[in-house]
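All remarks here apply to the structure that follows.
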Amino acid sequence: MTTTTQNTQRYAIDPAHSAAEFVIRHMVIAKVRGRFRTLTGTIDVPAGTDIPSAVAVELEVDSIDTHEDQRDAHLKSPDFLDAAKYPKITFSSTGVTGSGPAFKLTGDLTIHGVTRSVTLDAEYEGRGKDPWGNERIGYSGHTAINRKDYGLAWNQSLETGGVLVGEEVRIEVTIEAIKGQ
(Lines give C-alpha, C1' and ligand atoms only; values in the text may rest on other atoms or scores of the structure.)
Protein backbone atom coordinates (compact mmCIF):
# COMPACT_ATOMS: atom_id res chain seq x y z
CA MET A 1 0.00 0.00 0.00
CA THR A 2 1.53 3.34 -1.00
CA THR A 3 -0.76 5.56 1.01
CA THR A 4 -1.32 5.18 4.73
CA THR A 5 -3.92 7.95 4.67
CA GLN A 6 -5.03 10.28 1.91
CA ASN A 7 -2.41 12.81 2.98
CA THR A 8 0.48 10.55 4.00
CA GLN A 9 2.84 8.61 1.75
CA ARG A 10 4.60 5.44 2.92
CA TYR A 11 8.21 4.84 1.98
CA ALA A 12 10.04 1.51 2.41
CA ILE A 13 13.61 1.63 3.65
CA ASP A 14 16.03 0.54 0.94
CA PRO A 15 18.51 -1.69 2.81
CA ALA A 16 21.07 -1.52 -0.01
CA HIS A 17 21.37 2.25 0.45
CA SER A 18 20.83 2.55 4.21
CA ALA A 19 22.99 1.90 7.26
CA ALA A 20 22.53 1.42 10.99
CA GLU A 21 25.94 1.79 12.63
CA PHE A 22 27.32 2.08 16.13
CA VAL A 23 30.51 3.31 17.76
CA ILE A 24 31.76 2.19 21.18
CA ARG A 25 34.94 2.76 23.13
CA HIS A 26 37.35 -0.19 23.26
CA MET A 27 40.02 -0.61 25.97
CA VAL A 28 39.64 3.07 26.94
CA ILE A 29 42.07 4.05 24.15
CA ALA A 30 40.16 3.56 20.90
CA LYS A 31 36.72 3.30 19.32
CA VAL A 32 35.26 0.36 17.43
CA ARG A 33 32.65 0.82 14.71
CA GLY A 34 30.11 -1.77 13.64
CA ARG A 35 26.92 -2.04 11.64
CA PHE A 36 23.88 -4.19 11.10
CA ARG A 37 23.83 -5.44 7.51
CA THR A 38 20.12 -6.33 7.52
CA LEU A 39 17.57 -3.61 8.23
CA THR A 40 14.00 -3.07 7.11
CA GLY A 41 11.28 -0.58 7.87
CA THR A 42 8.91 2.14 6.78
CA ILE A 43 8.71 5.91 6.92
CA ASP A 44 5.41 7.80 6.68
CA VAL A 45 5.65 11.35 5.29
CA PRO A 46 2.65 13.70 5.27
CA ALA A 47 1.93 15.51 1.99
CA GLY A 48 3.52 18.94 1.77
CA THR A 49 6.37 18.24 4.17
CA ASP A 50 9.71 16.46 4.21
CA ILE A 51 9.56 15.56 7.91
CA PRO A 52 8.23 12.07 8.70
CA SER A 53 5.23 11.50 10.94
CA ALA A 54 6.12 7.87 11.72
CA VAL A 55 9.21 5.68 11.44
CA ALA A 56 9.53 1.93 12.11
CA VAL A 57 12.84 0.06 11.78
CA GLU A 58 13.94 -3.53 12.43
CA LEU A 59 17.55 -4.70 12.57
CA GLU A 60 18.56 -8.37 12.43
CA VAL A 61 20.97 -9.03 15.31
CA ASP A 62 22.60 -11.90 13.39
CA SER A 63 23.67 -9.37 10.74
CA ILE A 64 26.02 -7.50 13.09
CA ASP A 65 29.37 -6.77 11.44
CA THR A 66 32.40 -5.25 13.17
CA HIS A 67 34.92 -6.64 10.65
CA GLU A 68 36.04 -9.20 13.25
CA ASP A 69 34.28 -12.60 13.21
CA GLN A 70 35.23 -13.53 16.78
CA ARG A 71 33.94 -10.21 18.15
CA ASP A 72 30.74 -10.53 16.09
CA ALA A 73 30.13 -14.01 17.55
CA HIS A 74 30.67 -12.66 21.08
CA LEU A 75 28.26 -9.77 20.46
CA LYS A 76 25.60 -12.28 19.28
CA SER A 77 26.13 -14.45 22.37
CA PRO A 78 24.19 -14.30 25.67
CA ASP A 79 27.00 -12.08 27.05
CA PHE A 80 25.64 -9.25 24.89
CA LEU A 81 22.73 -9.20 22.41
CA ASP A 82 21.73 -12.90 22.70
CA ALA A 83 20.64 -13.21 19.07
CA ALA A 84 19.03 -16.61 19.65
CA LYS A 85 16.64 -15.17 22.25
CA TYR A 86 16.34 -11.60 20.91
CA PRO A 87 16.80 -11.79 17.11
CA LYS A 88 15.70 -8.21 16.36
CA ILE A 89 16.42 -4.68 17.48
CA THR A 90 13.45 -2.40 16.80
CA PHE A 91 12.69 1.30 16.76
CA SER A 92 9.16 2.70 16.58
CA SER A 93 8.67 6.45 16.59
CA THR A 94 6.40 8.11 19.14
CA GLY A 95 6.89 11.74 18.19
CA VAL A 96 8.58 14.24 15.91
CA THR A 97 9.45 17.84 16.76
CA GLY A 98 10.80 20.49 14.44
CA SER A 99 9.88 21.53 10.94
CA GLY A 100 13.11 22.37 9.14
CA PRO A 101 15.64 20.05 7.65
CA ALA A 102 16.86 19.32 11.23
CA PHE A 103 14.33 17.74 13.60
CA LYS A 104 14.07 15.48 16.65
CA LEU A 105 12.70 11.95 16.28
CA THR A 106 11.63 10.28 19.53
CA GLY A 107 10.72 6.64 19.75
CA ASP A 108 10.87 3.32 21.55
CA LEU A 109 14.14 1.46 21.02
CA THR A 110 14.06 -2.23 21.95
CA ILE A 111 17.35 -4.05 22.45
CA HIS A 112 17.82 -7.37 24.26
CA GLY A 113 14.12 -7.37 25.24
CA VAL A 114 14.35 -3.96 26.95
CA THR A 115 12.44 -0.96 25.57
CA ARG A 116 13.49 2.61 26.33
CA SER A 117 12.59 5.96 24.83
CA VAL A 118 15.36 7.63 22.82
CA THR A 119 15.57 10.84 20.81
CA LEU A 120 17.59 11.08 17.63
CA ASP A 121 18.93 14.32 16.23
CA ALA A 122 17.72 13.80 12.66
CA GLU A 123 18.04 15.56 9.34
CA TYR A 124 16.17 15.48 6.06
CA GLU A 125 18.79 14.85 3.37
CA GLY A 126 16.69 15.30 0.23
CA ARG A 127 14.45 13.57 -2.29
CA GLY A 128 14.40 12.78 -5.98
CA LYS A 129 13.65 10.21 -8.68
CA ASP A 130 16.02 7.36 -9.39
CA PRO A 131 16.80 6.23 -12.99
CA TRP A 132 13.84 3.81 -12.87
CA GLY A 133 11.29 6.48 -11.94
CA ASN A 134 11.00 5.63 -8.22
CA GLU A 135 10.67 8.52 -5.78
CA ARG A 136 13.31 8.32 -3.04
CA ILE A 137 13.78 10.24 0.19
CA GLY A 138 16.77 10.39 2.54
CA TYR A 139 17.34 10.99 6.25
CA SER A 140 20.16 10.71 8.75
CA GLY A 141 20.24 10.74 12.52
CA HIS A 142 22.23 9.95 15.62
CA THR A 143 21.84 9.42 19.33
CA ALA A 144 23.74 7.85 22.21
CA ILE A 145 22.58 5.22 24.69
CA ASN A 146 24.05 3.50 27.71
CA ARG A 147 24.27 -0.22 26.86
CA LYS A 148 23.73 -1.16 30.53
CA ASP A 149 20.24 0.40 30.32
CA TYR A 150 19.42 -2.47 27.94
CA GLY A 151 20.85 -5.25 30.10
CA LEU A 152 24.15 -5.38 28.19
CA ALA A 153 26.43 -5.37 31.22
CA TRP A 154 29.26 -7.78 30.32
CA ASN A 155 32.72 -6.31 30.69
CA GLN A 156 36.27 -7.15 31.63
CA SER A 157 38.66 -5.11 33.78
CA LEU A 158 41.98 -4.20 32.23
CA GLU A 159 45.28 -4.72 33.99
CA THR A 160 46.22 -1.11 33.22
CA GLY A 161 42.92 0.24 34.61
CA GLY A 162 39.59 0.83 32.98
CA VAL A 163 37.43 -1.72 31.19
CA LEU A 164 37.45 -3.50 27.86
CA VAL A 165 34.09 -2.14 26.59
CA GLY A 166 32.71 1.35 27.10
CA GLU A 167 29.18 1.96 28.33
CA GLU A 168 28.12 4.67 25.87
CA VAL A 169 27.10 3.51 22.40
CA ARG A 170 26.73 6.13 19.67
CA ILE A 171 24.11 5.10 17.12
CA GLU A 172 24.25 6.59 13.62
CA VAL A 173 21.72 5.92 10.86
CA THR A 174 21.50 6.94 7.23
CA ILE A 175 18.28 5.99 5.49
CA GLU A 176 17.22 6.05 1.87
CA ALA A 177 13.62 4.97 1.27
CA ILE A 178 11.49 4.33 -1.80
CA LYS A 179 7.93 5.57 -2.10
CA GLY A 180 5.28 2.90 -2.35
CA GLN A 181 7.57 -0.09 -2.04
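The values are calculated or read from the model by the stated rules, or taken from the named source; none is laboratory data. This is a predicted model, so every value here is computed, not measured. Backbone-built Cβ (ideal geometry, glycine too); neighbour counts: all protein chains shown.
Scanning segment 90-101 for residues that are modelled with pLDDT of 95 or more and among the β-branched types (Val, Ile, Thr) returns Thr90, Thr94. So, in segment 66-91, of the ones that are in a helix (DSSP H, G or I) and among the aliphatic types (A, V, I, L, M), which residue ends up farthest from Ala56 (Cα to Cα)? Ranking the qualifying residues of segment 66-91, first place goes to Ala73.
Listed here are the residues, each with its yes/no results for (1) more than 16 Å from Ala177 (Cα to Cα); (2) among the hydroxyl-bearing types (Ser, Thr, Tyr); (3) out of contact with any strand residue (DSSP E or B) (no Cβ under 7 Å at 6 or more places or on another chain).
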| site | (1), (2), (3) |
| --- | --- |
| Phe80 | yes, no, yes |
| Thr97 | yes, yes, no |
| His112 | yes, no, yes |
| Arg116 | yes, no, no |
| Pro131 | no, no, yes |
| Asn134 | no, no, no |
| Ile145 | yes, no, no |
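When the residues of segment 15-65 are filtered to those that are farther than 20 Å from Val169 by Cβ and part of a strand (DSSP E or B), the one that is modelled with the lowest pLDDT is Pro46. Considering segment 91-114, the residues that are of a type in the set (Val, Ile, Thr) and within 18 Å of Phe36 (Cβ to Cβ) include one that is surrounded by the fewest Cβ atoms within 10 Å (Cβ to Cβ), namely Val114. Applying the condition of being touching a Gly at 6+ places or on another chain (Cβ under 6 Å) and polar (S, T, N, Q) to segment 88-114 and asking which residue is nearest to Val169 (Cα to Cα) yields Thr106.
Do you know which of the residues in segment 88-114 that are free of Cβ contacts under 8 Å to residues at least 24 places away in the same chain and under 14 Å from the mean Cα position of the chain (by Cα) is nearest to Asp149 (Cα to Cα)? In this case the residue turns out to be Thr110.
Within segment 8-67, which residues are of a type in the set (S, T, N, Q) and either surrounded by 15 or more Cβ atoms within 10 Å (Cβ to Cβ) or in contact with an Asp or Glu (Cβ under 6 Å, 6 or more places away or on another chain) (or both)? Of everything in segment 8-67, those that are of a type in the set (S, T, N, Q) and either surrounded by 15 or more Cβ atoms within 10 Å (Cβ to Cβ) or in contact with an Asp or Glu (Cβ under 6 Å, 6 or more places away or on another chain) (or both) turn out to be Thr8, Gln9, Ser18, Thr38, Thr40, Thr42, Ser53, Ser63, Thr66.
If we scan segment 76-85, do we find a residue that is surrounded by 17 or more Cβ atoms within 10 Å (Cβ to Cβ), in contact (Cβ under 8 Å) with a residue 40 or more places away in the chain and acidic (Asp, Glu)? For segment 76-85, residues surrounded by 17 or more Cβ atoms within 10 Å (Cβ to Cβ), in contact (Cβ under 8 Å) with a residue 40 or more places away in the chain and acidic (Asp, Glu): absent.
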